[in-house]
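Please see the structure below; I have some questions.
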Amino acid sequence: MRIGHGFDVHAFADGDHIMLAGVRISHNRGLRAHSDGDVLLHALCDALLGAAALGDIGRYFPDTDPRWRGADSRTLLARVLELLAERGMRPLQADITVIAESPKLTSHMPAMCANLAQDLKLQADRVNIKATTTEGLGYIGRGEGLAVHAVILVADDKA
Ligand code: MG
């Protein structure tokens, strides 16, 4: 077994929605990003790459590359899962924490978890997404952006 951790932050910018775990969530702000700005999937990709000792998301999808402009982050996740599969590795469990003052995510959690379970090919009881605030403190508390931590357990079938 291998464990990986990923962390990502995106700043809010003009817009009318954000993407989280492939779910479009209406909001009075968007997220500044080169891709679709799915900060949750970016943290998850980094956790997977970390578990596999394959570096980080910037190595495979540099934000200087026009191919990834506006990219669907689920496509990036699929590529990361391929990189692991080529090495005999597969996800076993994911636990993710979104840190944001807004938007409220409760009503979107079922769809977000369902997307992750589908993309990671996991049973629903092996995927968890939590949301918390920073009680008004710091850049997240001021509503300047949001952050995500992702922890993933990976089976290494070649080990
Ligand atoms: Mg990112």
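The values are calculated or read from the model by the stated rules, or taken from the named source; none is laboratory data. Not measured: the values here are computed from a predicted model. As a convention, Cβ positions derive from the backbone with ideal geometry for all residues, glycine included, and neighbour counts pool all protein chains shown.
Within region 55-103, count every residue that is of a type outside the set (S, T, N, Q) and not in a loop (DSSP other than H, G, I, E, B). Talk me through it step by step, then tell me what you get.
Let us first name the residues in region 55-103 that are of a type outside the set (S, T, N, Q), namely 55-63, 65-72, 74, 76-92, 94-96, 98-101, 103.
Still in the list and also not in a loop (DSSP other than H, G, I, E, B): 57-60, 66-68, 74, 76-85, 89-92, 94-96, 98-99.
Total satisfying the criteria: 27.
Cβ-Cβ under 9 Å, sequence separation 6+ or interchain: first residue in region 26-39 and more than 12 Å from Asp16 (Cα to Cα) and in a loop (DSSP other than H, G, I, E, B), partner of a type in the set (D, E, K, R) and near the ligand (Cβ under 10 Å from one of its atoms). Which pairs?
That search, which allows pairs on different chains as well, returns Ala33/Asp63; His34/Asp63; Ser35/Asp63.
Let's see how each residue does on (1) buried (at least 16 other Cβ atoms within 10 Å of the Cβ); (2) not hydroxyl-bearing (Ser, Thr, Tyr):
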residue: Cys45; (1), (2): yes, yes
residue: Pro66; (1), (2): no, yes
residue: Gly88; (1), (2): no, yes
residue: Pro91; (1), (2): yes, yes
residue: Ser102; (1), (2): no, no
residue: Leu105; (1), (2): yes, yes
residue: Val127; (1), (2): yes, yes
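OK, next. Within region 112-133, does at least one residue satisfy the condition of being of a type in the set (A, V, I, L, M, F, W, C), in contact (Cβ under 8 Å) with a residue 40 or more places away in the chain and touching a Ser or Thr at 6+ places or on another chain (Cβ under 9 Å)?
The answer is yes, given that some residue of region 112-133 is of a type in the set (A, V, I, L, M, F, W, C), in contact (Cβ under 8 Å) with a residue 40 or more places away in the chain and touching a Ser or Thr at 6+ places or on another chain (Cβ under 9 Å).
Identify all residues within region 31-45 that are more than 9 Å from the ligand (Cβ to nearest atom) and at pLDDT below 95; write none if there are none.
Residues satisfying the conditions are Arg32, Asp36.
Here is a follow-up. Among (1) surrounded by fewer than 21 Cβ atoms within 10 Å (Cβ to Cβ); (2) without any contact (Cβ under 8 Å) to a residue 40 or more places away in the chain; (3) within 15 Å of the ligand (Cβ to nearest atom), which single condition is His17 missing?
(3)
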